[in-house]
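Below: one structure, written as structure tokens.
Please treat every number below as a calculation from the coordinates, not as lab data. Fair warning: this is a prediction, and the values are worked out from it, not measured in the lab. Cβ sites come from the backbone with ideal geometry, for glycine too, and all protein chains shown count toward neighbours.
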Amino acid sequence: MCIIGSIKDQIFDEVELANELINMLIEKYPKEFEKRYKGFNTLEDIAKLRNYVLSKNELDIERTASAVIDDFRKCRIGRITLD
């Protein structure tokens with residue numbers, strides 16, 4: 001329910017949720033995931049891909065997690081069902 005936005009985002013850890021979402025997508029929808037993220041399969045790699053960097057070249061993992069969840073919710077990864 002958190003993944004689709006039925007529960008307020010502030011209640012859960014977005015980084016943890018994004019990691020679980022990534023693992024599920026790689027397992028069940030690898031082609032769609034590959035197409036969207038060009039083979040990068042961790043939040044750190046996706047942050048580098050999108051150039052989400054804080055000061056001192058630290059990766060912005062929270063922003064990346066939010067972006068991955070948003071990509072899923074807005075069907076940017078593809079039409080995916082949760083079953």
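Considering segment 55-65, and only residues there that are without any contact (Cβ under 8 Å) to a residue 40 or more places away in the chain and closer than 16 Å to Val15 by Cα, the residue that is surrounded by the fewest Cβ atoms within 10 Å (Cβ to Cβ) turns out to be Glu58. For Ile69, state whether it is in contact (Cβ under 8 Å) with a residue 60 or more places away in the chain, crowded, with 16+ Cβ neighbours inside 10 Å and not in a strand (DSSP E or B). The answer is yes for Ile69. Quick check on Glu44: is it more than 15 Å from Ile69 (Cα to Cα) and assigned to a helix (DSSP H, G or I)? Criteria not met by Glu44. Looking only at residues in segment 17-54 that are surrounded by 15 or more Cβ atoms within 10 Å (Cβ to Cβ) and out of contact with any helix residue (DSSP H, G or I) (no Cβ under 9 Å at 6 or more places or on another chain), the one that is farthest from Ile80 (Cα to Cα) is Met24.
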